1. Kindly establish whether S150 is open to solvent by 30 Å² or more (accessible area, probe 1.4 Å), among the small types (G, A, S) and within 16 Å of the ligand (Cβ to nearest atom).
2. Within segment 43-73, which residues are aromatic (F, W, Y) and touching a residue at least 40 places away in the same chain (Cβ under 8 Å)?
3. Listed residues A35, A84, A16, A8; which is open to solvent by 50 Å² or more (accessible area, probe 1.4 Å) and among the small types (G, A, S)?
4. Being farther than 21 Å from D162 by Cα and among the small types (G, A, S) is the filter here; which residues of segment 1-55 pass it?
5. Name the single residue, out of those in segment 135-144 being in contact (Cβ under 8 Å) with a residue 40 or more places away in the chain and open to solvent by less than 60 Å² (accessible area, probe 1.4 Å), that is nearest to the chain's Cα centre (by Cα).
6. Of the numbered conditions (1) over 16 Å from the mean Cα position of the chain (by Cα); (2) modelled with pLDDT of 95 or more; (3) surrounded by 15 or more Cβ atoms within 10 Å (Cβ to Cβ); (4) of a type outside the set (K, R), E48 satisfies every one except a single condition; which is it?
Amino acid sequence: MHLVFIGAHPDDEASAGGTIAKYVDHGHRATIVVATRGGRGHWKTPSEELEEIRTEEMEKAAEILGADVVFLDYKDADIPAGDALKDELTDIVRELKPDIVITFHPLVWRDDHRRVGLAAADACFKACLPLVETQYPAHRPAPDIYFTGSPMFPMEPDTYIDITGYMDVKIESLRQHGSQWVRWDIDDDDDTRPLEEIVERVRHRARQHGMESGVG
Ligand SMILES: [Zn+2]
């Protein structure tokens with residue numbers, strides 16, 4: 001099976017890191033598609049430099065999960081709404097032939113995430129239509145789509161993936177995004193306390209979902 005995660009920025013894949021690691025460990029293939037290189041995700045590092053740093057962080061994080069990475073090179077915080085992204089993702093779905101796609105719920109925080117989630121969902125359908133002619137032939141049947149991320153409105157999960165045994169690899173992968181783990185209001189690049197706070201939050205949320213679904 002081929003699992004494809006479609007996100008907007010390096011580190012978005014962390015919301016499905018345990019699932020990706022689990023699938024790869026079970027002998028499946030995984031690819032992370034990232035629409036931008038996260039060039040606006042810092043308060044002072046210049047965009048081009050930041051894109052290089054975050055590209056490297058993304059590659060290391062993906063390697064730990066056992067996934068390949070595909071970058072689309074849209075501008076961080078400026079992913080355009082409209083058909084261009086949907087059409088590009090249609091071709092990517094046809095090229096990668098995923099069985100499962102995980103992307104953002106179309107009602108999550110941040111326009112980049114919403115646009116990617118909506119375009120990815122529409123692309124999965126468009127990619128399976130044989131009469132839509134693009135660079136690659138139609139990919140049928142359409143992949144199963146799962147949404148992740150925290151919706152802006154209260155929503156109950158309808159699918160749980162048991163990642164017991166994969167928390168450490170999920171966290172280890174998350175730790176690679178070092179450029180993101182400094183406080184934006186403190187001019188101190190060595191301040192890594194927020195990372196530990198985020199790690200604790202991630203573990204807490206996983207424990208909560210584990211209790212809801214009756215697993216570790
Ligand atoms: Zn993001």
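The values are calculated or read from the model by the stated rules, or taken from the named source; none is laboratory data. Source: prediction; values computed, not measured. Quick reminder, even Gly has a Cβ in these numbers, built from the backbone with ideal geometry, and neighbours come from all protein chains shown. Only protein heavy atoms, including side chains, enter the accessible area calculation; ligands, DNA and RNA are left aside. Shrake-Rupley method; radii C 1.70, N 1.55, O 1.52, S 1.80 Å.
1. Considered against the rule, which asks whether it is open to solvent by 30 Å² or more (accessible area, probe 1.4 Å), among the small types (G, A, S) and within 16 Å of the ligand (Cβ to nearest atom), S150 comes out as yes.
2. Listed by number, the list holds a single entry, W43.
3. It is A84.
4. Matches in segment 1-55: G7, A8, A35, G38, G39, G41, S47.
5. Ranking the qualifying residues of segment 135-144, first place goes to P143.
6. (3)
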